[in-house]
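Colleague: One structure follows; several queries about it will come next.
The values are calculated or read from the model by the stated rules, or taken from the named source; none is laboratory data. The structure presented is a predicted model; accordingly, all values stated were derived computationally and were not measured. Reconstructed Cβ throughout: ideal geometry from the backbone, glycine too, with neighbour counts over all protein chains shown. Just so you know, the surface numbers come from the protein's heavy atoms only, side chains and all, with ligands and any DNA or RNA stripped out. Shrake-Rupley method; radii C 1.70, N 1.55, O 1.52, S 1.80 Å.
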Amino acid sequence: MTLEISENNGTMLGVLSGRLDTAAAPQFARDLQPLMDNADKHIVLDCSNLEFISSSGLRLFLSLRKQTISQNGDVTIKGVSPEVKQVFTITGFYSLFNFE
């Protein structure tokens, strides 16, 4: 699991690749910190190369969402595969995020 973060015109972009499973979640939580620190901005998570997400990964997405709400930022998720989208839908998380 990798997360590459960049900033462009006040928008934070996080590009995820690989499997966000229980084993990868602790490292992803650490890698996610720069986005948490910029929760007052617009954050885009590009999940085009995200192969799988577990409940541990969903919990981290939810933490980022809560942080952005508290700081008047927002999160958009783009490029999810049908399999990843299904996990968001089944868990009810699909309605919590903006998807492109």
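Colleague: Set the Förster distance to 35 Å, then compute FRET efficiency between residue 99 and residue 37 from the Cβ-Cβ distance, nearest 0.05.
Modeller: 0.90
Colleague: Using 0.36 nm times the number of residues separating residue 62 and residue 5, minus their current alpha carbon distance, what extension gain do you get?
Modeller: Working: separation 57, 0.36 × 57 = 20.52 nm, distance 1.81 nm.
In short, 18.7 nm is gained.
Colleague: Give the ranking of 5, 77 by solvent-accessible surface, highest area first, calculated with a 1.4 Å probe.
Modeller: 5, 77
Colleague: While we're on this one: Which residue, 90, 69, 43, has the most motion in a Gaussian network model of the chain that connects Cα atoms within less than 10 Å?
Modeller: 90
Colleague: How high is the relative contact order of region 1-74, in percent, with contacts defined as C-alpha pairs under 8 Å that are six or more residues apart?
Modeller: Averaging sequence separation for qualifying contacts and normalising by length gives 36 percent for region 1-74.
Colleague: Further question on the same structure: Does anyone have the angle between helix 82-91 and the longest principal axis of the chain? Alpha-carbon axes, 0 to 90°, nearest 10?
Modeller: Between helix and principal axis, roughly 80 degrees.
Colleague: When the helix-only estimate is applied to the chain (DSSP H runs of n ≥ 4, each -39,500 (n - 2.57), divided by the residue count), what is the mean residue ellipticity at 222 nm, nearest 500 deg cm²/dmol?
Modeller: One gets -11000 deg cm²/dmol as the mean residue ellipticity at 222 nm.
Colleague: Pick from 38, 49, 72: which is most flexible by mean-square fluctuation in a GNM of the chain where alpha carbon atoms under 10 Å apart are linked?
Modeller: 72
Colleague: Here's another thing I want to ask about it. With a probe of 1.4 Å, find how much accessible area the chain has per residue, and write the answer as a whole number in Å².
Modeller: 53 Å²
Colleague: Still on this structure, I have one more. Tell me, what % of the accessible area of the chain is carbon and sulfur with a 1.4 angstrom probe?
Modeller: 48 percent
Colleague: Which value, in debye to the nearest 20, gives the size of the charge dipole of region 1-75 about its Cα centre, when Lys and Arg are +1 and Asp and Glu are -1 at the Cβ?
Modeller: Roughly 260 debye for region 1-75.
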